[in-house]
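Trainee: The following block contains the structure, expressed as structure tokens.
The values are calculated or read from the model by the stated rules, or taken from the named source; none is laboratory data. Small disclaimer: the values here were computed from a predicted structure and weren't measured. Using ideal geometry, Cβ is built from the backbone for each residue, glycine included, and neighbour counts are taken over all protein chains shown.
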Amino acid sequence: MAEKENWAFPKSVQPEPEDLGFDLDTALNSVVQVRSEIPEDAFTASILGTERLGNGVVIGNDGLILTIGYLVTEAQSIWLTTNSGAVVAGYPMAYDQATGFGLVQPLGHLDAPSLPRGSAANSMPGDDVVVMGHGGREHALRAKIVAKREFAGYWEYVLDEALYTAPAHPQWGGAAIVNVEGRLLGIGSLLVQEVLDGQQIQGNMAVPIDVLEPILESMQRTGRSGTPARPWLGMYTTEVSGQLVVAGLADGGPAESAGIKVRDMVIAVDGERPATLAELFRAVWSRGPVGTEVTITVARGAQRLQFRVRGADRNDYLKKPQLH
């Protein structure tokens, strides 16, 4: 039996079954704990760690689990724990960098129901949701959708429209965002700062379930989305006072190899001046497929420098799962 986690939400913020149009306990049992071990020499080990813990949601009658990809990227072993305490090994079936979704296939019978999928496109700010982590009602939180808007992450990631919920769930990674009809709207990805009723509070960003539907069949069949990989520079950029600043570089990645350095200020991509992270990444992606060279213009102190950077397939840098 797995050890029960020793924390709980106050009853005042837990969902009440009578307020919902579905069987709450059945839905809660669809959420499992995902525990991953990653080799120390894995590409993502220094950033994401070698032991990762979060949640996953059963979405298939065969036990197929949807989670957030960073929990299972480069995993050499995965263990899934149900609310009943059963523990089953899992295989990292797929990871899609564009959406951030990961799929895990249980390697044994997983006695957990599947959660029906809905559509975040039909949801609106102000709608009530339940954010569900593994562990039953004590780890479920009543929340609201507070925004639907673009999200850009420094790791060369853009969602055209992400879901933002508040208050924040403390175990957001892979958590299920469920509407009052009991349908899955999204998967928890990040802790973020949100403004609600004029007050700044902590919330969660979730990847909407809608972006899974076009790629699910290919992910199950091939382990990838079926869409062309986006050129990746390995250039971790942040917005600082309206400027795009290189905050980190992937070891051996295209940007580092080309000569770009931490603290360089990004000015242009092939002469195009991006104002935001999303504009920067889209400018790179729009130039062509993996292997396309782009000219990155940076300011380094008083110098203005140009570097030719050849976009790579990020997947080529990751350890591939092995089925033992």
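Trainee: Inside the range 104-123, can you point out the residues that are in contact (Cβ under 8 Å) with a residue 24 or more places away in the chain, touching a strand residue (DSSP E or B) at 6+ places or on another chain (Cβ under 7 Å) and aliphatic (A, V, I, L, M)?
Mentor: 104, 110, 112, 115, 120
Trainee: Shifting gears a bit: Tell me yes or no: at least one residue of the range 211-222 is out of contact with any His (no Cβ under 6 Å at 6 or more places or on another chain), among the basic types (Lys, Arg) and surrounded by 16 or more Cβ atoms within 10 Å (Cβ to Cβ).
Mentor: Scanning the range 211-222, I find no residue that is out of contact with any His (no Cβ under 6 Å at 6 or more places or on another chain), among the basic types (Lys, Arg) and surrounded by 16 or more Cβ atoms within 10 Å (Cβ to Cβ), so the answer is no.
Trainee: Taking the residues in the range 251-260 that are among the aliphatic types (A, V, I, L, M) and part of a helix (DSSP H, G or I) as candidates, determine which candidate is nearest to residue 278 (Cα to Cα).
Mentor: By that ranking, first place goes to 255.
Trainee: Then there is this: Name the residue, out of 117, 142, 183, that is farther than 18 Å from residue 66 by Cα and at pLDDT 95 or above.
Mentor: Testing whether each residue is farther than 18 Å from residue 66 by Cα and at pLDDT 95 or above leaves just 142.
Trainee: Do you know which residues across the range 171-199 are closer than 16 Å to residue 32 by Cα, part of a loop (DSSP other than H, G, I, E, B) and among the small types (Gly, Ala, Ser)?
Mentor: 173, 174, 175
Trainee: Filter the range 172-187 down to the residues that are under 20 Å from residue 103 (Cβ atoms) and not aliphatic (A, V, I, L, M), then identify the one that is surrounded by the most Cβ atoms within 10 Å (Cβ to Cβ).
Mentor: 174
Trainee: Looking at this structure, is residue 13 of a type in the set (A, V, I, L, M, F, W, C) and not assigned by TED's automatic domain parsing to the domain that holds residue 92?
Mentor: Spelling it out, residue 13 is indeed of a type in the set (A, V, I, L, M, F, W, C) and not assigned by TED's automatic domain parsing to the domain that holds residue 92.
Trainee: Now for a separate question. Name the single residue that is nearest to residue 158 (Cα to Cα) among those in the range 223-256 being acidic (Asp, Glu) and touching a Ser or Thr at 6+ places or on another chain (Cβ under 9 Å).
Mentor: 239
Trainee: Within the range 290-324, count every residue that is under 23 Å from the mean Cα position of the chain (by Cα) and either in contact (Cβ under 8 Å) with a residue 24 or more places away in the chain or in a loop (DSSP other than H, G, I, E, B) (or both).
Mentor: Counting residues in the range 290-324 that are under 23 Å from the mean Cα position of the chain (by Cα) and either in contact (Cβ under 8 Å) with a residue 24 or more places away in the chain or in a loop (DSSP other than H, G, I, E, B) (or both) gives 12.
Trainee: Inspect the range 274-285 for any residue being part of a strand (DSSP E or B) and of a type in the set (A, V, I, L, M) and give the result as yes or no.
Mentor: Checked against the condition, which is being part of a strand (DSSP E or B) and of a type in the set (A, V, I, L, M), the range 274-285 yields no hits at all.
Trainee: Now for a separate question. Restricting to the range 31-88, count the residues that are touching a strand residue (DSSP E or B) at 6+ places or on another chain (Cβ under 6 Å) and among the small types (Gly, Ala, Ser).
Mentor: Of the residues in that region, 7 qualify.
Trainee: Picking from 152, 168, 147, 75, which residue would you name as being within 18 Å of the chain's Cα centre (by Cα), of a type in the set (A, V, I, L, M), surrounded by fewer than 22 Cβ atoms within 10 Å (Cβ to Cβ) and not in a strand (DSSP E or B)?
Mentor: On inspection, the qualifying residue turns out to be 168.
Trainee: Here's a follow-up. Could you grab me the full set of residues in the range 225-250 that are in contact (Cβ under 8 Å) with a residue 60 or more places away in the chain, part of a loop (DSSP other than H, G, I, E, B) and surrounded by fewer than 16 Cβ atoms within 10 Å (Cβ to Cβ)?
Mentor: Correct list: 227, 228.
Trainee: Looking at residue 263, is it part of a loop (DSSP other than H, G, I, E, B) and either more than 20 Å from residue 124 (Cα to Cα) or hydroxyl-bearing (Ser, Thr, Tyr) (or both)? Spell out how you get there, then give the answer.
Mentor: Working: part of a loop (DSSP other than H, G, I, E, B): yes; either more than 20 Å from residue 124 (Cα to Cα) or hydroxyl-bearing (Ser, Thr, Tyr) (or both): yes.
When the stated conditions are applied, residue 263 passes them.
Trainee: Could you check the range 78-110 and list, in sequence order, the residues that are more than 16 Å from residue 55 (Cβ to Cβ) and part of a loop (DSSP other than H, G, I, E, B)?
Mentor: 96, 97, 98, 99, 107, 108, 109
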